[in-house]
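Comments concern the structure below.
The values are calculated or read from the model by the stated rules, or taken from the named source; none is laboratory data. Source: prediction; values computed, not measured. Cβ atoms come from the backbone with ideal geometry, glycine included; neighbour counts cover every protein chain shown.
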Amino acid sequence: MWDFDLGIDSDGDGEKANDADATSPYVDLTIDNSGNRTGSVSVIDDKGAVSTEIWGLMVVSRTFNVVWEEQHLEFEWSGYLEQGQSHEISHEPGAGARVMQVNATLTLARDLLPIQWPEDNFTLSLNVPASGWSTFVSTEREHHRERLRKHR
């Protein structure tokens, strides 16, 4: 039997030191405030013998210094792809880093006949595995430039 705070009568019987705040062998105790806390755990065997152990816990408040650093990366690729081929650019943030925003632009160009757009449709895919975010956008014949913006 667990009594999580010997200073509080949680069962309302007038006795602060006999509360059964939990009875399972393992417990999770969440403490929201800093300070000292004293509790007890009692073990009762099948013959009714009881052994009680008093425990103490000191919770110290801490202040964390969080620094947000931005890193802007630009990737550019110019080349030709045959039907079914793909080109991949990947970047993995360092340990503890987090992707906050992704801006991606797919621009298709036709060098030989600049007044015609490319005949094929293309797909720009973005995948951020650590966040579970994945999306794509495909070009259409009348839209040669597609933009994709995602904020995290």
Restricted to segment 119-132, and to residues that are within 32 Å of the chain's Cα centre (by Cα) and farther than 17 Å from Glu88 by Cβ, which residue is modelled with the highest pLDDT?
Gly132
Test result for Ser10, in contact with a strand residue (DSSP E or B) (Cβ under 9 Å, 6 or more places away or on another chain), loosely packed, with under 10 Cβ neighbours inside 10 Å and part of a loop (DSSP other than H, G, I, E, B):
no
Could you please tell me which pairs satisfy a Cβ distance under 9 Å, a separation of 6+ or placement on different chains, a first residue in segment 12-40 that is not assigned by TED's automatic domain parsing to the domain that holds Trp55, and a second residue that is in a loop (DSSP other than H, G, I, E, B)?
none
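Taking Val66, is it under 33 Å from the mean Cα position of the chain (by Cα) and either among the hydrophobic types (A, V, I, L, M, F, W, C) or surrounded by fewer than 10 Cβ atoms within 10 Å (Cβ to Cβ) (or both)? Walk me through how you get there before you give the answer.
Details: under 33 Å from the mean Cα position of the chain (by Cα): yes; either among the hydrophobic types (A, V, I, L, M, F, W, C) or surrounded by fewer than 10 Cβ atoms within 10 Å (Cβ to Cβ) (or both): yes.
Yes: the conditions hold for Val66.
I need the full set of residues from segment 50-73 which are acidic (Asp, Glu) and touching a strand residue (DSSP E or B) at 6+ places or on another chain (Cβ under 6 Å), in order please. Lay out the reasoning, then the answer.
Here is the first cut: in segment 50-73, the residues acidic (Asp, Glu) are 53, 69-70.
Scanning segment 50-73 gives a single hit, Glu53.
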